[in-house]
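Asker: Take a look at this one; I'll ask things after.
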Amino acid sequence: MTPRESPQSDRARIAETFISVQGEGKLTGVPSWFCRVSGCNLRCTWCDTPYASWNPEGPTRDVEDLVTEATARLSPVGGGGGVRHAVLTGGEPMLFDAMARLGRELASRGMHVTFETAATIFRPPSETGCSLMSMSPKLSNSTPGSGGVPDPRDPTGAWATRHEQRRLDIPVIQALVDAYPDRQLKFVVATQSDLGEIEAVISKLRGVDPCDVMLMPEGLSPPSRQTTNWVLDACMARGWRYCARLHIELFGNVRGT
Ligand code: SF4
């Protein structure tokens with residue numbers, strides 16, 4: 001047990017677990033076991049998993065139980081078969097000692113572990129067992145009420161204030177970049193005006209390979225041709241990577257995929 005761990009390190013509220021192909025980023029298409037924790041320190045207005053942020057749900061489960069489930073599909077045949085990739089997502093998995101412990105337990109059993117995080121909380125690799133740190137820093141387009149569109153889930157604006165204070169923490173992103181040799185930075189883009197914000201973030205970071213910077217069009221359905229074109233152009237001009245959402249293309253916006 002690491003010194004930071006609380007008595008809650010063996011249990012977490014889990015919104016869903018499922019097996020699918022990874023839909024985003026470098027490991028797109030790789031069969032993976034997903035574990036989505038309920039609970040987030042942010043409230044993105046376009047959050048595509050509100051059941052793990054705005055309205056957290058799901059049972060509290062033991063880490064041991066989750067390890068048993070995740071490793072059930074490992075195949076001993078040939079030593080490398082089955083579902084060998086685990087994606088710990090949310091919500092915000094870096095919030096929870098139990099998710100860090102789950103990452104370590106799975107890594108110790110030979111699984112490749114990805115953490116999907118908004119990159120506002122640092123934990124070192126020795127705590128997480130993480131092989132790929134998938135960061136998704138949040139732009140101003142994520143704030144409830146952004147663009148003058150009120151969010152009925154935040155009538156007093158309290159979450160908008162908290163979200164603005166927390167959504168972008170350059171020292172934490174830098175610490176994650178420094179600590180995890182395999183990482184990616186995925187930015188959800190809504191309009192071309194987001195590009196300047198992304199450039200400003202990248203300019204404050206050291207050691208980021210441009211092809212680890214990914215632009216992902218915002219939306220719960222495949223992007224229009226027009227959107228795809230300007231996002232592609234922006235990537236081509238900067239050496240960044242276009243990030244599709246394969247699961248949306250294959251299955252639509254459906255839970256458990
Ligand atoms: S950080 Fe992720 S889980 Fe949390 S509100 Fe934003 S999109 Fe949803």
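Asker: Tell me, yes or no, whether the stretch 68-78 has at least one residue that is open to solvent by 10 Å² or more (accessible area, probe 1.4 Å), closer than 23 Å to Gly23 by Cβ, in a loop (DSSP other than H, G, I, E, B) and in contact with a Lys or Arg (Cβ under 9 Å, 6 or more places away or on another chain).
Answerer: yes
Asker: Here is a further query. Which residue pairs have Cβ atoms closer than 7 Å, lie 6 or more positions apart in sequence or on different chains, and pair a first residue in the stretch 124-138 that is away from the ligand (no atom under 16 Å from the Cβ) with a second residue that is of a type in the set (Asp, Glu)?
Answerer: Ser131/Asp182; Leu132/Asp182
Asker: Also, quick follow-up: Do we have any residue at all in the stretch 97-105 that's part of a helix (DSSP H, G or I), within 16 Å of the ligand (Cβ to nearest atom) and either over 20 Å from Val177 (Cα atoms) or under 16 Å from the mean Cα position of the chain (by Cα) (or both)?
Answerer: The answer is yes, given that some residue of the stretch 97-105 is part of a helix (DSSP H, G or I), within 16 Å of the ligand (Cβ to nearest atom) and either over 20 Å from Val177 (Cα atoms) or under 16 Å from the mean Cα position of the chain (by Cα) (or both).
Asker: Identify all residues within the stretch 159-179 that are over 18 Å from Lys204 (Cα atoms) and open to solvent by less than 60 Å² (accessible area, probe 1.4 Å); write none if there are none.
Answerer: Trp159, Ala160, His163
Asker: Please go through the stretch 108-134 and give me each residue that is among the hydroxyl-bearing types (Ser, Thr, Tyr) and open to solvent by 50 Å² or more (accessible area, probe 1.4 Å), ordered by number.
Answerer: Ser108, Ser126
Asker: Pull out all pairs, ordered by first then second residue, where Cβ-Cβ is under 8 Å, the residues are six or more apart or on different chains, the first lies in the stretch 240-255 and is closer than 28 Å to Pro210 by Cβ, and the second is open to solvent by 40 Å² or more (accessible area, probe 1.4 Å) and of a type in the set (D, E, K, R).
Answerer: Between residues of the stretch 240-255 that are closer than 28 Å to Pro210 by Cβ and residues that are open to solvent by 40 Å² or more (accessible area, probe 1.4 Å) and of a type in the set (D, E, K, R), there is no close pair.
Yes/no per residue for (1) away from the ligand (no atom under 16 Å from the Cβ); (2) more than 17 Å from the chain's Cα centre (by Cα); (3) of a type in the set (Lys, Arg):
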| residue | (1), (2), (3) |
| --- | --- |
| Glu57 | no, yes, no |
| Val67 | yes, yes, no |
| Thr71 | yes, yes, no |
| Gln165 | no, yes, no |
| Val172 | no, no, no |
| Ala175 | yes, no, no |
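Asker: If you don't mind, another one. Those residues that are closer than 17 Å to Cys47 by Cα and either among the polar types (S, T, N, Q) or open to solvent by less than 70 Å² (accessible area, probe 1.4 Å) (or both), I need them from the stretch 195-233; list them, please.
Answerer: Leu215, Met216, Pro217, Gly219, Ser221, Pro223 - these are the residues of the stretch 195-233 that are closer than 17 Å to Cys47 by Cα and either among the polar types (S, T, N, Q) or open to solvent by less than 70 Å² (accessible area, probe 1.4 Å) (or both).
Asker: Can you list residue pairs whose Cβ atoms sit under 8 Å apart, with the first residue in the stretch 172-199 being closer than 17 Å to Val231 by Cα and the second being open to solvent by 10 Å² or more (accessible area, probe 1.4 Å) and of a type in the set (Val, Ile, Thr)? Count only pairs 6 or more apart in sequence or on different chains.
Answerer: Listed pairs, sorted by first residue: Leu185/Ile202; Leu185/Val208.
Asker: Restricting the stretch 33-49 to residues that are more than 6 Å from the ligand (Cβ to nearest atom) and over 18 Å from Glu164 (Cα atoms), which is modelled with the lowest pLDDT?
Answerer: Per the criteria, the residue is Asp48.
Asker: Does Arg183 satisfy the criteria of being under 19 Å from Arg241 (Cβ atoms) and under 16 Å from the mean Cα position of the chain (by Cα)?
Answerer: When the stated conditions are applied, Arg183 passes them.
Asker: Which of the residues that make up the stretch 29-48 are buried (at least 18 other Cβ atoms within 10 Å of the Cβ) and assigned to a strand (DSSP E or B)?
Answerer: Scanning the stretch 29-48 gives Ser32, Trp33, Phe34, Cys35, Arg36, Val37.
The values are calculated or read from the model by the stated rules, or taken from the named source; none is laboratory data. None of the values given here were measured: they were computed from a predicted structure. FYI the Cβ positions are ideal-geometry reconstructions off the backbone, even for glycines, and counts take in every protein chain you see. The accessibility values were calculated without ligands, DNA or RNA, using every heavy atom of the protein model including side chains. Shrake-Rupley method; radii C 1.70, N 1.55, O 1.52, S 1.80 Å.
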